[in-house]
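Take a look at the structure set out below.
The values are calculated or read from the model by the stated rules, or taken from the named source; none is laboratory data. Predicted model only: the values in this text are computed from it and were never measured. Methodologically, a virtual Cβ is constructed for each residue, glycine included, from the backbone with ideal geometry; neighbour enumeration extends over all protein chains shown. Heads up: the accessible areas ignore ligands, DNA and RNA and are worked out on the full protein's heavy atoms, side chains in. Shrake-Rupley method; radii C 1.70, N 1.55, O 1.52, S 1.80 Å.
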Amino acid sequence: MEMTKRERLEATIRERRPTGRPVALWRHFPGDDQDPAELAASTVAFQRQYDFDFVKVTPASSFCVRDWGAEDRWIGNEEGTREYTRRP
């Protein structure tokens, strides 16, 4: 019997044998990651297109340092790399 995506992932986490390996692929959405709603929409569209077992949300790399005063800007890199314009 085929497992659901959730069952497959839970079995893997519990070190049991799933009926297949959980699979996911993630990517950055440069430009879209400037706005939470746009990032969510791009992530959902990516998941709908490929139907992976789980989703990894990939915000801009600076999301964890902005509250500390860092500032950056996206300069067009298709991988999402940013230029820091202010460091705390």
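Selection of segment 50-88 for residues being of a type in the set (Ser, Thr, Tyr) and part of a loop (DSSP other than H, G, I, E, B) yields Thr58, Ser61, Ser62, Thr81. Just one of the listed residues (Thr43, Thr19, Thr4) is modelled with pLDDT under 90 and of a type in the set (Ser, Thr, Tyr), and it is Thr19. Please enumerate the residues belonging to segment 28-49 that are part of a loop (DSSP other than H, G, I, E, B) and in contact (Cβ under 8 Å) with a residue 12 or more places away in the chain. Within segment 28-49, His28, Phe29, Pro30, Gly31 meet the criteria. Taken over segment 1-27, the criterion of being among the basic types (Lys, Arg), part of a loop (DSSP other than H, G, I, E, B) and either in contact (Cβ under 8 Å) with a residue 60 or more places away in the chain or more than 18 Å from Gly80 (Cβ to Cβ) (or both) is satisfied by Arg14, Arg16, Arg17, Arg21. Restricting segment 65-82 to residues that are exposed (fewer than 10 other Cβ atoms within 10 Å of the Cβ) and touching a strand residue (DSSP E or B) at 6+ places or on another chain (Cβ under 9 Å), the residue that is modelled with the lowest pLDDT is Ile75. Across segment 10-64, what is the total count of residues that are of a type outside the set (S, T, N, Q), in contact with a Pro (Cβ under 8 Å, 6 or more places away or on another chain) and open to solvent by 50 Å² or more (accessible area, probe 1.4 Å)? Qualifying residue count for the region: 1.
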